Amino acid sequence: MSILRTIRIFDTTLRDGEQAPGCSMNQGEKLEVAKALAELGVDVIEAGFAIASPGDFASIQEIARTVRGPVIASLSRAAEADIDASWNALRGAERPRIHVFIATSPIHMTYKLRMKPDEVIEKAVTMVKYAKKYCPDIEFSAEDASRSEPAFLCKILTAVIEAGASTVNIPDTVGYAMPGEFGALIRTIRAGTPNIERAVLSVHCHNDLGFAVANSLAAIEAGADQVECTINGIGERAGNAALEEIVMAMRTRADYFRSSCGADLHCNVDTTKIYAASRLVSTVTGSRVQPNKAIVGENAFAHESGIHQHGVLTNRETYEIMTPESIGLPRNKIVLGKHSGRHAFGERLKELGFHLDAERETRLFEAFKALADKKKVVTDRDIEALARGALPERPAAWRLKRFIINSGSTIASTSAVCLVSADGRECEQVAIGDGPIDASFNAIDKIVTIKPVLETFSLDSVTDGKDAQGEARVRIRQGDRMYNGRGVSTDIVEASIRAYLDAINAALDDTAVEDGISSANIEAKRPEDAASPRSAANVLAETERSPQCQ
Ligand code: KIV
Ligand code: ZN
């Protein structure tokens with residue numbers, strides 16, 4: 001009789017994944033992703049880093065209050081203020097977890113923490129005990145574990161388990177480890193930490209050398225009980241271990257793991273929900289999945305060459321080691337267009353990871369019909385673009401009412417943009433610029449009080465074809481903070497205006513999720529530095545009344 005071993009899946013898309021440049025999500029988007037993760041069946045959702053920003057705090061709080069099933073975790077440095085913030089955000093959760101970390105490698109202890117190894121152990125123990133007063137489920141992470149002394153790791157893990165840590169996590173923070181080496185480290189920890197059986201042994205791998213998944217799997221073979229990962233492998237620098245790759249490797253090569261682990265591996269993920277989760281994360285973060293990405297890339301199940309096509313038609317297993325259906329990718333999709341009904345549209349939304357309430361779905365169906373009138377075929381990418389717009393938005397200080405442009409190859413472009421404020425005032429301004437988009441941004445700058453710097457601007461078509469929708473993305477800098485915005489329309493000037501306004505609204509709303517938080521710059525960020533939330537109305541109250549506003 002074979003033994004069953006359960007591998008816990010800890011998803012950190014909303015925390016480590018969101019730290020990736022350009023992957024920030026607003027509160028509504030994070031909630032949507034959290035719901036998709038719960039549907040997927042992950043064991044733990046790391047919802048954010050509560051002390052990092054008011055936006056992070058609010059998102060964790062909402063997820064904790066709303067999402068049922070998985071454990072909800074919040075990250076904290078080994079500091080009382082961080083742990084207090086995590087607990088305050090998590091207290092509504094059915095199953096809260098406080099995740100406390102401190103660095104254990106010589107380089108981090110010497111240059112970042114400026115602490116002696118014994119001081120680090122004492123700090124870790126004190127903070128685990130402090131967190132334990134709030135809730136029983138405490139995870140401890142030894143940051144940069146793969147570059148730490150194994151004997152020191154065993155010592156600190158023994159101490160924190162004694163202090164009450166119920167999970168101990170071994171991160172390969174900088175993606176430095178090799179699979180054989182990382183597996184050996186996990187074996188050393190299992191053998192050298194006398195009380196390890198009282199805790200769940202976890203690993204958390206980054207992909208700097210492209211080994212995040214290989215290292216996670218090597219760790220599982222060596223006795224890890226939990227793997228930390230993200231959807232589509234998003235995360236800082238080269239990203240984190242990709243959830244879908246770990247889960248599908250365990251499933252597809254169950255035979256291999258049965259013999260290497262001496263047990264049947266099991267995890268609670270429903271693999272048929274993988275595609276939906278992947279699409280949702282890609283849509284809300286705007287981080288496109290590379291076409292040849294394992295499991296969820298557009299080409300992952302495409303057979304292009306004649307020989308392969310012939311083989312697959314004769315017997316799929318000639319060139320297919322997994323079925324598209326096993327990740328929830330339907331083989332024959334119904335094409336949606338203007339004759340499609342509400343039911344088919346609702347089903348497609350679900351396949352793409354969106355679980356909207358009836359009212360939003362109805363509004364979206366109307367927008368879909370309007371688009372279908374303009375385009376013959378409405379593709380999945382079109383629907384995703386529309387659906388993202390239907391998610392609860394961040395508070396908006398300004399909305400677009402209308403714009404008129406005058407542009408051509410022999411004249412300077414002019415744009416007249418009319419915005420409506422949160423308290424209903426209409427403001428119109430005219431500006432010239434180097435092209436209609438520049439002119440429109442200049443007109444907006446004349447209306448809003450902040451003077452952001454446009455850092456990046458990109459325009460993509462959502463799909464192929466002349467009638468494709470355009471998707472604009474902008475990144476602006478306001479002070480020392482970055483804000484992202486996105487806009488979609490069949491008119492590229494409108495998409496650009498919407499994206500610019502979206503970023504401006506994020507900047508005006510201090511509760512917007514701060515972009516690009518890394519553990520390095522969080523070190524410098526004390527709780528007292530965290531900006532207090534200001535509402536869109538407050539921002540407007542500070543806005544001087546412009547003569548163009550009525
Ligand atoms: O990579 C890392 O070390 C982390 C820890 C904070 C868990 O993300
Ligand atoms: Zn990490």
Practice prompt. Rounded to whole Hz and in sequence order, give me ³J(HN,Hα) for region 104-110 from the Karplus expression 6.51 cos²θ - 1.76 cosθ + 1.60, θ = phi - 60°, writing x for Gly and Pro.
Written response: 10, 7, x, 5, 6, 5, 6
Worksheet, complete the sentence: Excluding residues fewer than 8 positions from K376 in its own chain, the lysines with Cα under 21 Å of it are K333, K338, K466
Item to complete: Putting +1 on Lys and Arg Cβ atoms and -1 on Asp and Glu Cβ atoms, find which of G346, A503, F257 reaches farthest to the positive end of the dipole of the chain.
Response: G346
Discussion item. Report the Cα centroid-to-centroid distance between region 194-248 and region 155-174 in angstrom, as an integer.
Written reply: 16
Fill in: Dipole of the chain, positive direction: furthest Cα of A224, M178, G470, with charges on the beta-carbon
G470
Practice prompt. Please arrange R77, R363 by counting, for each residue, the other beta carbons lying within 10 Å of its beta carbon, fewest first.
Written response: R363, R77
Discussion item. Once each part is reduced to its C-alpha centroid, what is the distance from region 379-457 to region 104-127 in angstrom?
Written reply: 49
Practice prompt. Could I get the Rg over Rh figure for region 4-285? Both from C-alpha atoms, Rh via Kirkwood, rounded to two places.
Written response: 0.94
Worksheet item: Check G48: other-chain or 5+ apart residues with amide H under 5 Å from its amide H, H built from backbone geometry?
Response: L75
Discussion item. Suppose we keep just the DSSP beta bridges with both residues in the chain; what percent of those would be antiparallel, to 5?
Written reply: 50
Worksheet entry | Linear extension gain, N88 paired with K129, 0.36 nm per residue minus alpha-carbon span | 13.1 nm
Practice prompt. Please sort by residue number the trypsin sites (Lys or Arg not before Pro) in region 103-197 whose DSSP state is loop and whose Cβ has at most 13 other Cβ atoms within 10 Å.
Written response: R114, K133
Practice prompt. Just report the Cα centroid separation between region 132-150 and region 334-368, whole Å.
Written response: 44
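Roughly how many debye, to the nearest 20, is the charge dipole of region 306-390 about its Cα centre, given +1 on each Lys and Arg Cβ, -1 on each Asp and Glu Cβ, and no other charges?
It works out to roughly 380 debye.
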Worksheet item: For Y130, Y111, what ranking results if the residue with the fewest other Cβ atoms within 10 Å of its Cβ goes first?
Response: Y111, Y130
Worksheet item: For the chain, with the dipole built from +1 on Lys and Arg beta-carbon atoms and -1 on Asp and Glu ones, taken about the Cα centre, which of S326, A58, I444 lies farthest toward the positive end?
Response: S326
Worksheet entry | Shape call, region 6-129: gyration tensor on alpha carbons, a/c limit 1.5 | prolate
Discussion item. Quick check: from the Cα gyration tensor, does region 346-436 come out rounded (a/c under 1.5), prolate or oblate?
Written reply: oblate
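List the trypsin sites (Lys or Arg not before Pro) within region 1-72 that fall in a DSSP loop (any state other than H, G, I, E or B) and whose Cβ has at most 12 other Cβ atoms within 10 Å.
Filter output for region 1-72: R68.
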Fill in: J(HN,Hα) series, region 483-491, from Karplus relation 6.51 cos²θ - 1.76 cosθ + 1.60, nearest Hz, glycine and proline x
9, 9, x, 8, x, 10, 6, 6, 9
Worksheet item: For region 398-515, rounded, prolate or oblate, judged on the Cα gyration tensor with a ≥ b ≥ c (square roots of eigenvalues), a/c < 1.5 rounded, else prolate if a/b > b/c?
Response: oblate
Practice prompt. Work out the length of the dipole vector of the chain about its Cα centre, built from +1 on the beta-carbon of each Lys and Arg and -1 on the beta-carbon of each Asp and Glu, and round it to the nearest 20 debye.
Written response: 580
Practice prompt. Report ³J(HN,Hα) in whole Hz for each residue of region 66-71, in order, from the Karplus equation J = 6.51 cos²θ - 1.76 cosθ + 1.60 where θ = phi - 60°; Gly and Pro get x.
Written response: 9, 8, 10, x, x, 5
Discussion item. Under a Cβ-only charge scheme (Lys and Arg +1, Asp and Glu -1), can you give me the dipole magnitude of region 398-515 about the Cα centre, in debye to the nearest 20?
Written reply: 240
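Values in this text are rule-based calculations from the coordinates and carry no lab data. Fair warning: this is a prediction, and the values are worked out from it, not measured in the lab. Ideal geometry is used to build each Cβ from the backbone, glycine not excepted, and the neighbour counts take in all protein chains shown.
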